[in-house]
Each structure stands twice: as structure tokens, then as C-alpha cells.
Amino acid sequence: MTEAVDTPSIPCGADGNPAWWTGIIYQIYPRSFADSNSNGIGDLTGITGQLNYLSGTLGIDAIWISPFFPSPMADFGYDVSDYVDVDPMFGSLSDFDDLIAEAHRLDLRVIIDWVPNHSSDQHAWFKESRSTRDNPKRDWYVWRDPAPDGGPPNNWLSIFGGIAWEFDDTTGQFYLHTFLKEQPELNWRNPEVETAMLDTLRFWLDRGVDGFRVDVAHYLMKDPAFRDNPINPSPRPVGKDRHDYDTQLHVYDNAHTDIHTVHRRIRSVIDDYGDRFSIGEIHEPDWDAWASYYGDDLDQLHMPYNFSLLWVPWTAEGFRSQIVAQEAALPTGAWPNHVFGNHDESRLATRFGTDRVRAAAVLLLTLRGTPTIYYGDELGLVDGVIGPGNEQDPWGKLYPDLNRDVCRTPMQWTPDPGMGFTNSTSRSWLPYATSDTSVETQIGDPNSTLSLYRTIIELRRVHTELALGAITMLTDNPANVLSYARTLEGAVSYVAINFTDSVQRFVFPCVVDQILTTHAHRETSFSEVTLAADEAIVVKPVRW
């Protein structure tokens, strides 16, 4: 028995082929990817030097580079002090141009972060804005008078803890900061701000950037009446690993309905440049609200990021329900996506368990939609260990159990003391997650996690239904085995993943041949199979 999932069409580029962004995206955290000048911090030239690995060895289609703009680094680049330059820590505009040229030579697309909700308090715009109340840029940020009692204008909270308003002694008003106080909120209701920010998009598009990952894309528009958020009747506990942000229902401090008008105007700029792309960071648990960022006419984001699988319990039913829910919520013609890790979350090997890394790789790369691989996950890297007092992450300094340093440790290229990330005598900005694995040690091992990733990626190219086909859930089998068919123009592949630590019997709809497994090699055809603990298998009907 199968559970059909309605399948929208495949997005196409101007040449009529599937759009490039239906391929595989690989996220690079630039501080941690490759250090070309031996100062212990990754840079753009380091990334350029490893593009052959990404394109040729691994076989991905696009890279997303986290922020590299000038910044005081209060939030490691998400506090931007200049939207149209490169921080000297990472190199220069010339280095970026070289990166773009080499990436395009290798047929790699380049996506960069764009941080439109807030700037750094060191940005020239904010310095002007806070200088006097009558400065021409005063209204470029969100300023409000104190409440009658002299306190903050309303009860809005910062994601980093505490009230989201900072009092400015110079002008006697509060400014809004949803994140750190060093990250004042831009006022997108001011047309001059919108014009200036859209011009920053054009600056990078003119330099050849292929797309943008839009940071906190749902925060751009707030309630114009600045009403208090209601109290959350069921908050998560506040403690050493939780702060007070969850004590409210955040209905007024983000995602005001006119945000969709703003995203349509952003999309219009991107569309002016042809075959370009946008994907938004949208933390929205309601599927219909999440899907609204595609736009009814697919005229907003090309995709809002789907974070639903990051923290799903490792059960077949948990993953099945989220996959089906996303498919059901998609507007007609929209393309889905999946992400198992990023720079804000514990690594997938730590969250799901090291025994499940291989099954997770098969799942991520065979679901319908664009997968994003977080750097190092193809090696099975685990969270690093950051000793007390050594936290770099501003959030981690406030809430040690939420420290994001653990997933930002340097990429491990070779087994030498600098792990190929930096000079063997240099100290990396964060400690390495482990000393017993690297690209070099895994590349020649056919049983390594890296080899598995390479094999699945190649299978997606050979058996295109695994990349572009419809998905149909198979439901006539054990509930703790997640299984589905991928079909395209008469071709079919079946995927089955055992989510348990015990063997499971599984029956396919027909006699099949195995084309990939994370465990046991099977040479003969079969219709019924015993899956090992945590095994994932990909098969095709006999005579394919």
C-alpha cells in the first residue's frame, strides 16, 4: 500500500532544464572552513582553494557562505557594519571576485548571506541615526519614546535574553534589537531603508552572486502599533539552558502581514538578474504560515528553509509526519527543501547519534527537494568540546548549554596538527571536534561517511528520480521503517530506512536490485529483505 503525496512540477531555468537550485547546497561557515594565511581563522582565499573538493570530489551544486562582511563580530558577522565590502579578516573584494570566478569555472553557484533585519551599531547609518533626533537617518532604525513609567515602550523580548529595547542616553529614546543590543533593528517601513538595502542586493548581484540566504526573513516587519506580545500559556522552562524568550507568544514583534509585500519587492530585484535565487531563514512551526513565504504566485522567496527535521525525534513516524506535512503545505509549483544541520544547531551526528549518521545521509539526499549539507557533516563530525570560560559565541557566554561554538569547529582536511585547516603550528580560533578523522583519511576508505556521501550524490545524477522525482510514502510495512518511492518519467527507486537498533523485515512492492546500502552488501535480487540496525537501503526494480 502507498500513501500518495501530491507532487508539484519541477522548477526550470531559462534553458528549460531543472533550476540549478534544485541541486545540492553546501553551507560554509567562513571562519571555520580553510585558513590561507595561518592566522587560525578561515577566509575567502581558503574557500577558493577548496572549491575543487566541493565540485569534483564531493559533487555538490552550490555553496552558501555565511557572512563575511565588515563587522565588529559581536555576533560573528551577523552584525554588519558595511553591507558592500569584505571584512579584512576574510580578505578583500578582489578575493571575493576570485572566488566567484573560480566557482563559476567549476560550475558551482554561490549563495551569500544577506542580513536585512538589523545592522551593527557600528554601521555608519546607525551612528548617524543615534546622533540626534532630527538626523536624516533617525527613522532608518526603530526608535520609540519610553513608556509613561520611563521603562521600555512595550514587553518585546530579545532572542538573546532580556528586553528587546536599549535606552540611548544621547537622545532619550529606546531602540529595538531583537538580537544583541549591538544589532539595532532597521526600519523597513521607511522607503529609504528599503531602497538602500535593495541596492546592497544589486551590488552583490552585479559581482556575480547567484543567490541569497535571507537571515531571519520573517522578522522584517513588526506590528506598527507596537502592541505587547501575549503571555505564552505553555512556555518551556526558564533555566540555565533556557531564557525568557519563550515566555511570550511572538505575534507582534515579527511576521506582520505586510512582510509579504516586502518579500515580493525583494524577489523583483532578484528576478531582474535572471537565473538567481533566494532562500529565507523562517522559524515558523505552522506549515501554512511557513508556506506563505513562497507567495501564492511563487513571487516571494524561492524557498523558505525547512527546519522541521532538525529536532524531530529519531523515529520513522516522526520524520514521515513532517515530510508529508511539508508536501501538503506547498503551494502549487513550489519546490521543497530539507536541512539537517547549520551554524546555529548541534551537529547531526550529536543530535541523531553517531550510529545514525549514515542513515541520515541517505535520508537527506533522497528526499524530494533541495538538500543543504552543513560543512563537515559529510565526515560525520560531532559537536566540539568547548571548555568553561572559552566560549566565543555571545549566546554561549550567556547560556552555556546553548553554545553554538560546538557546531562551528574547524573543517578537518588532513590528520596533521593543523588538520589542513591552518598551519600545523598555528592555533585555530576554536578547537577541533576530534583528532581521528579528516577528508584525507576518509577519501580512500570505501566504507567512510565521506565515501557514502559521494556515492549517494553520484546516484542522484545517474538515477535522476532520486533528485527530481515525485515522492510516494510506502505504508504497508513496519511502522519503524521509513520507506518511499521516487518516480520520474517511468523510472522508480525505492528507499527504506530502519530507524531502530534491531533488525527489521521489509517487503518491497516488487523484486528489486540493491544499488546502495549503508551496511550489508547484497548481490542477488529480492523483494523481501532483513534490514540491519540503522540501515538505509536504495533499490530499483529488476531489469531497470
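Decide, for segment 306-383, between rounded, prolate and oblate: order the square roots of the alpha carbon gyration tensor eigenvalues as a ≥ b ≥ c, take rounded if a/c falls under 1.5, and otherwise choose prolate if a/b is larger than b/c, else oblate. Cα axes put segment 306-383 in the prolate bin. Note that segment 62-159 shows a convex hull volume over its alpha carbon atoms of 125 Å³ per residue. Legend: calculated FRET efficiency, Glu528 to Thr475, from the Cβ-Cβ distance at R0 = 22 Å, rounded to 0.05, equals 0.85.
If you average 1/r over every pair of different alpha-carbon atoms in the chain and take one over that average, what Kirkwood value in Å do you get?
So the Kirkwood estimate lands at 24.5 Å.
Using alpha carbons only, how many angstrom separate the centre of segment 362-376 from the centre of segment 86-117? Measuring centre to centre over Cα atoms gives 23 Å. When DSSP beta bridges are restricted to pairs lying wholly in the chain, around 65% turn out antiparallel.
The radius of gyration of the Cα set in segment 321-457, together with its Dmax, comes out at 16.8, 55 angstrom. Can you work out the FRET efficiency for the pair His104 and Ala147, with r the C-beta to C-beta distance and R0 = 51 Å, to the nearest 0.05? So the FRET efficiency works out to roughly 0.45. The 3J(HN,Hα) values that the Karplus relation (6.51, -1.76, 1.60; θ = phi - 60°) gives for segment 430-439 are, in residue order, 10, x, 6, 5, 7, 10, 10, 8, 6, 4 Hz. Gly and Pro appear as x. Here the simple spin-label model places points 7 Å from the Cα toward Cβ, and for Arg207 and Ser268 these points are separated by 2.6 nm. Could you state the number of Å between the C-alpha centres of segment 498-544 and segment 205-268? Taking the Cα centre of segment 498-544 as reference, the centre of segment 205-268 is 43 Å away. Compute the distance from the alpha-carbon center of segment 416-450 to that of segment 148-182, in whole Å. If we compute the Cα centre of each part, the gap is 43 Å.
Would you please classify the overall shape of segment 124-176 from the alpha carbon gyration tensor, given that a ≥ b ≥ c denote the square roots of the eigenvalues, rounded means a/c under 1.5, and beyond that prolate means a/b larger than b/c while oblate covers the rest? Note, shape of segment 124-176 comes out oblate.
Note on Glu458 and Thr487: their simple-model spin labels are 2.9 nm apart, each label 7 Å out from Cα toward Cβ.
As a calculated quantity, the FRET efficiency between Asn135 and Leu93 at R0 = 35 Å, using C-beta atoms, amounts to about 0.75.
With the charge dipole of the chain set up from +1 on Lys and Arg Cβ and -1 on Asp and Glu Cβ about the Cα centre, the Cα lying farthest toward the positive end among the listed residues Trp156, Thr261, Val511 is that of Val511.
Among the listed pairs Lys127/Lys222; Lys137/Lys222; Lys137/Lys397, those whose Cα-Cα separation exceeds 25 Å are Lys137/Lys397. Panel order for Val262, Val142, by other beta carbons found within 10 Å of each beta carbon, from fewest to most: Val262, Val142. Give me the angle, in degrees from 0 to 90, between the Cα long axis of helix 316-329 and the longest principal axis of the Cα atoms of the chain, rounded to the nearest 10. That helix lies at roughly 60 degrees to the long axis. Cross-link partners for Lys540 among the aspartates and glutamates, with Cα-Cα distance under 12 Å and sequence neighbours closer than 8 places in the same chain left out: Glu465, Asp513. Could you state the angle between the C-alpha long axis of helix 93-105 and the longest principal axis of the C-alpha atoms of the chain, as a value from 0 to 90 degrees rounded to the nearest 10? Once rounded, one gets 20 degrees. Computed over the chain, the per-residue total of -39500 (n - 2.57) for DSSP H runs of n ≥ 4 gives a 222 nm mean residue ellipticity of -6000 deg cm²/dmol, rounded to 500. In loop segments of segment 264-345 as defined by DSSP, the chymotrypsin sites (Phe, Trp or Tyr not before Pro) with at most 11 further C-beta atoms inside 10 Å of their C-beta are Trp311.
For segment 264-356, the ratio of Cα radius of gyration to the globular rule of thumb 2.2 N^0.38 Å stands at 1.21. Using DSSP to define loop residues, name the trypsin sites (Lys or Arg not before Pro) in segment 170-248 whose beta-carbon has at most 11 other beta-carbon atoms within 10 Å. Here the trypsin sites (Lys or Arg not before Pro) that fit, given the DSSP loop and packing criteria, are Lys240. What you get for the chain, charging only the Cβ of Lys and Arg (+1) and of Asp and Glu (-1), is a dipole of about 800 debye around the Cα centre. Remark: relative contact order (segment 124-176) = 32 percent; criterion is Cα-Cα distance under 8 angstrom and separation of 6 or more residues.
Taken together, the values in this text are just the output of simple stated rules run on the coordinates, not laboratory data. Note that the coordinates shown come from a computational prediction; the quantities given were computed from them, not determined experimentally. Don't worry about glycine lacking a Cβ; one is built from the backbone with ideal geometry, like all the others, and counts go over all protein chains shown.
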